[in-house]
Amino acid sequence: MKLSTRIALAVGATVPVLVLAAGWLLLQLVSRDLHAEQDTHLRERAVVVAKDARRLLRATAADRPAVVEQARERQLYASGLDVGIRLTGPQGTVSGGPQPDASVPLPDSTRGPVTVEDGARSWRVLMVRVQGSRPGVDGTLWLFSPDTTSEDQLALVRRRVVTVALLAAPISGLLALAVASRASRPLRRLQQRTNGLDPRADTARLDHTRTGVTEVDDLARTLQTVLARYDEQAARTTGALATARSFAAAAAHELRTPLMSMQTNLEILTEHPDLGPADRAEVLDDLHSEHSRLLGLLVMLRELGRGDLIEADAFGRVDLAEVIDASVADARRRHSAVEITVPVMPRLSVHGWEPGVRTIVDNLLANAMVHGRDSDGRARIELGLRGGGHPAGSVAVLTVDDRGPGIAPSRRDTVFHRFERRPDSPGSGLGLTLVAQQTALHAGRVQVQDRPGGSGTRIEVRLPVRESRQTEILLPAERDWLIGTAEHPQGFHKDSS
């Protein structure tokens, strides 16, 4: 059923009810006005009649001659004119004029005129207490007036109200249908524009021009928001599928070499059971090495995939000093021979993803342990954390220094590329890629420099200091670190800041 039809039916049903309610109120007002006129007349008569009623009660109580009593009684009826009179005293009741039957109960109240019913007729009745000059002459006086005139006028008003209500139903329904049809025209136009939209089949979206109708404009904005969210979710789904496919392709490509090497070593062990102890130990060491490399590669690929799919709602307040302390403690536990120096660090916080920040520190330490050994084969690493930028402290600067051979300036941009490693490197070639990915996700910058004061490498990571979600960063719209090496458009900053 159309909205305009619903409105027409609702109005068509409501208007007669309102007319009847208004008519009932009108009947009450007319009835009160008519009764007020009649009651005024009864009260005027009561003032005059009460005097004659008091005289009649005194004459009756004094046992005067019947002629006097009859004269008083005629005078009482004459003063009543067109109203009925009933007087009750100690010696009995006298009545005259139009009045209800004696069996009809009368009101026992002096607050004002009331209506009593006598079969099909109604009467307005006013009761007055008549008090004599001495005890024994008190009585009760009732005055009666037929209510027929009021009933006739009320019946006329009642019929007219019903007639108006019956006519108002169809007329108001038709008018409401016409008005609602015109008023709902912007809504019908909006429905026609949205009817052909299929976000799965085409890229056309709702083009809405403000109509001035609040509900229609709000609905249009809601539809536009829903479609925009659909597009966003569709893009995320597409990106997730591309990431999953790339993960499978990258894993298959990179895992092939260690798996083939492991297969070769296993065939040697299987086909040459009489292999000497030295050769056998060499083959087993090679298997362990390839297994470690394979496991590390899978872990790195998993972390890259997590970084590509992370959402902004996973970010929160991260204390950099706590993350660095935890990462250094773990590195010292696993590599007790490595010398790691950590100075007193300031308390700096960033608005970020804690596992991602920990990934930055872990991989910088791991890279320095593998590639930052000095000529004696010792790994000595120095960490630093300070505030920088303008205003002061707006950027947290993390530095990791090693005593290795350093990185040539021509290779400093390529070390962050996926699977980029030296020929003799035991790593996966993804450690610094993870550092670059997480730095970009946190709107930071990473740069390779020479170690101050001697040979070696310094890798510097700058992260903006953010204290609350009010300064929440916007993640890159497209993240394909797992699919391919991210370049400058994705927020990977290699230039100095």
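The values are calculated or read from the model by the stated rules, or taken from the named source; none is laboratory data. What you are looking at is a predicted structure, and each value in this text was computed from that prediction instead of being measured. For neighbour counting, all protein chains shown are included, and Cβ atoms are generated from backbone atoms with ideal geometry for every residue, glycine included. Remember, those area values only see protein heavy atoms, side chains included, never the ligands or the DNA or RNA. Shrake-Rupley method; radii C 1.70, N 1.55, O 1.52, S 1.80 Å.
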Between VAL226 and ASP330, what's the calculated FRET efficiency when r is the beta-carbon distance and R0 is 45 Å? Round to 0.05. 0.45
For ALA21 paired with ARG111, estimate the spin-label separation in nm (one decimal), with each label point 7 Å from Cα along the Cα-to-Cβ line. 2.7
Kindly rank 15-26, 331-342, 429-440, 362-373 from highest to lowest mean number of other beta carbons found within 10 Å of each residue. 429-440, 362-373, 15-26, 331-342
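Ordering ASP63, ASP152 by accessible area with a probe of 1.4 Å, largest first, what comes out?
Details: ASP63 130, ASP152 105 Å².
Final ranking, largest accessible area leading: ASP63, ASP152.
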Inter-label distance, nm, simple model (7 Å from Cα along the C-beta direction), MET260/SER455: 3.5
State the answer as a single residue: which of LEU76, VAL30, VAL104 lies farthest towards the positive end of the charge dipole of region 1-109, with beta carbon charges of +1 for Lys and Arg and -1 for Asp and Glu, about the Cα centre. VAL30
Going 7 Å from the Cα of GLU311 in the Cα-to-Cβ direction, what parts of region 333-361 have a backbone nitrogen less than 19 Å from that spot? 352-356
Could you calculate the contour length gain from ALA281 to THR40, that is, 0.36 nm times the residue separation minus the distance between their Cα atoms, to one decimal place in nm? 73.8 nm
For ILE268 and ALA248, what is the calculated FRET efficiency with R₀ set at 45 Å and r taken between the beta-carbons, to the nearest 0.05? 0.90
